[in-house]
Ligand SMILES: [Zn+2]
């Protein structure tokens, strides 16, 4: 495990610089780091000049050997250096994903720690959205987020949030598996290229197939 690297960061509020600790890679075996990653504490900073508190995002690799996945957290494509560490792991059945935004990271870690296929979870979240709208449980524009929470006894719990209210949906894993199997090619991703599998990904899939692309 590499030590954190100290970097200069300029505050977007006051424009002055201060030192921050950044990580090039995070190993899930270091539980404290894993927890601070999921809680977001690792990225929370406080500007010593103007005292504003906020989160900073920088590119890094998240590696989990137990659950066999590698995440590249960045809004940019994966660099050759990261690709080269992933090559030997591919043969061991690892999954590779790019996570464009820090806010998507805790959910992605949770999904893979639960040993689920993230494409399946995105489909389940999409189904929840459709059900929410079709059954007029609220206005689609009021939805602030759709979050995967956990899986118990092969049933996924997904929360559709509208502001400070949440509505829980319970979705059996095998139901969504069947749905995915009916059109499996549509959901194919190129694992080795660190694909992005998130809400935008699933929305794009359905938009393309309905000819609105
Ligand atoms: Zn500042």
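Each reported figure results from applying straightforward, stated rules to the coordinates on display, with no laboratory input. Computed from a predicted structure; not experimentally measured. Note that each Cβ is placed from the backbone with ideal geometry, even for glycine, and that neighbours are counted across all protein chains shown.
Some observations on this one:
- Simple spin-label estimate for residue 50 and residue 20 in nanometres, 7 Å along Cα-Cβ: 1.4
- Length gained on full extension, residue 192 to residue 90, computed as 0.36 nm times the residue gap minus the Cα-Cα distance: 36.0 nm.
- Short-range pairs are left out: with C-alpha atoms under 8 Å and at least six residues apart, the relative contact order of region 94-154 is 36 percent.
- Relative contact order of region 118-209, defined on C-alpha pairs under 8 angstrom at six or more residues apart (%): 27
- Rounded, prolate or oblate (a/c below 1.5 giving rounded, otherwise prolate when a/b exceeds b/c) for region 1-136 by Cα gyration tensor: oblate
- Length-normalised contact order of the chain in % [C-alpha pairs under 8 Å, at least 6 apart]: 14
- Full extension of the segment from residue 83 to residue 154, taken as 0.36 nm per residue of separation minus the current Cα-Cα distance, would add 22.3 nm.
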